[in-house]
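The values are calculated or read from the model by the stated rules, or taken from the named source; none is laboratory data. In this text, all values refer to a predicted model and were calculated from it rather than measured experimentally. Cβ: placed from backbone, ideal geometry, glycine included. Neighbour counts: every protein chain shown.
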Amino acid sequence: MAQLNGDARHRQPNGSAAKHANGILEDRVRGSTQAGKHDASLATKSEAKQTSNTVNLLICVGGIYASFLTWGVLQERITTTNYAPLAGQKEIFKYPVVMNTVQSAFAATLGYIYVLISRKKSGDLPIYPSRQIVWPLLLVAGCSALSSPFGYASLQHVDYITFILAKSCKLLPVMFLHVTLYGKRYPFYKYAVVALVTSGVAIFTLHQSTGGKKKKGADGNSLYGLMLLGINLLFDGLTNTTQDDIYARFRPYTGQQMMCALNIMSTSITITYLLLSPYLAATGIGHYVGMDLGSSTGELADAMAFIQRHPAVGWDILGFAFCGAMGQVFIFRTLSIFGSLLLVTITVTRKIFTMIISVVWFGHALTGMQWLGVGLVFGGIGIEAELSKREKKAKEAGKKKM
């Protein structure tokens, strides 16, 4: 067979020109690949077949929704419940770094178990396969750890409407950083789809918030608050785009490997912070990022004392950590197969899907503008699905001609 192929090549009028033409064609096919399942890297035929599996996508989406719906309920219960035994007193658990540390420790453990199950032999799937991968992983872990504090701090200087509008537009910084930092190319319709989905989510969340109860946040917006919010979005975007770059540069590197590696690093970073927090409180650094460091004993000691007084919150934190870890299994599975842009689309639109479930289940009503937002989101997703299907058929036809 190899000889036949060689003879065929020699029969070309100009072998080098034919190879050059084939190279251009391959580059165009690769360059025009849409964001999503091919974001991570150039997939093999077996991987491409797997990524196109609708059932696989539904499992990932269902797993993310189920895990983080429960996770969100537990998070709200932990951070809003008054655990004080006496009327008139108020004791609310307000130690987010401790919660995140417990969750990342659970996720690192679950990720390692996932790696062990996936291994065919003992040397397979090393957590850190090379020294070169450590630095980009450390960048992701650092951005992920720093993102939330800047987001919480921004709420002290911007109103809640501005905050949720910015978070609804998370797709934009992800795409922007893909284009500017990593030179990724998208077809025009991909930009249009992102604009539709972002507009739909923004309209939906804005009108949901204006009709609901007053949320925690400042009464107005300040330049400093907008800067903090911008840093939060920048860190979110860097997290997702750098993860894609890691998958592209260090193939084969799986979602379970990255999940374990990043959570080990995140746990190390947050534990270091918790141990240093009493000293940070003394220097006043925590004031500038909006952290509650009023106690000289630090967040870890205060959180442990709170749990000793109210053991029920400890069980809620364990449940919160387990659900978050399970959600990460599906997140990293989605990220390694479909890419960050589709993952962010799933997480950004999760609120709309949960609201629709609430409408159907409890008989609630949506406003006209909220229905417009829902229509834009589903319209964008439908347009992408149809155009992706056409693009895939066109590429397969091109390969057959080759």
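Take the stretch 91-135 and flag every residue that is in a loop (DSSP other than H, G, I, E, B) and without any contact (Cβ under 8 Å) to a residue 24 or more places away in the chain.
If we filter the stretch 91-135 for residues that are in a loop (DSSP other than H, G, I, E, B), which is where we start, we get 91-95, 119-133.
Within the stretch 91-135, ILE92, ARG119, LYS120, LYS121, SER122, GLY123, ASP124, ARG131 meet the criteria.
Between LEU138, LEU177, which is surrounded by 19 or more Cβ atoms within 10 Å (Cβ to Cβ), at pLDDT 80 or above and of a type outside the set (Lys, Arg)?
Numbers: LEU138 fails: surrounded by 19 or more Cβ atoms within 10 Å (Cβ to Cβ).
The unique qualifying residue is LEU177.
Do any residues in the stretch 218-246 that are closer than 11 Å to LEU146 by Cβ have Cβ atoms under 6 Å from those of residues that are at pLDDT 85 or above, where the two are at least six apart or on different chains, and which pairs are they?
PHE235/CYS143; LEU238/CYS143; THR239/VAL140; THR239/CYS143
Could you identify the single residue in GLY88, GLY62 that is part of a helix (DSSP H, G or I) and either touching a His at 6+ places or on another chain (Cβ under 8 Å) or farther than 21 Å from ALA261 by Cβ (or both)? Walk me through it before giving the result.
Working: GLY88 fails: part of a helix (DSSP H, G or I).
Result of the check over GLY88, GLY62: GLY62.
If I ask for residues that are closer than 14 Å to LEU146 by Cβ and not small (Gly, Ala, Ser), which ones from the stretch 260-279 would you list?
Passing the criteria: LEU262, MET265, ILE269, THR270, THR272, TYR273.
Of all the residues that make up the stretch 84-104, how many are surrounded by 10 or more Cβ atoms within 10 Å (Cβ to Cβ) and not aromatic (Phe, Trp, Tyr)? Walk me through how you get there before you give the answer.
Taking the stretch 84-104 first, the residues surrounded by 10 or more Cβ atoms within 10 Å (Cβ to Cβ) are 84, 91-104.
In the following step, the residues that additionally are not aromatic (Phe, Trp, Tyr) were identified as 84, 91-92, 94, 96-104.
The qualifying residues number 13.
Being in contact with a Ser or Thr (Cβ under 9 Å, 6 or more places away or on another chain) and closer than 17 Å to THR242 by Cβ is the filter here, so list the residues in the stretch 143-171 that pass it.
Restricting attention to the stretch 143-171, the residues satisfying the condition of being in contact with a Ser or Thr (Cβ under 9 Å, 6 or more places away or on another chain) are 143-145, 147, 154, 157-158, 160-171.
Within the stretch 143-171, CYS143, SER144, ALA145, SER147, LYS170, LEU171 meet the criteria.
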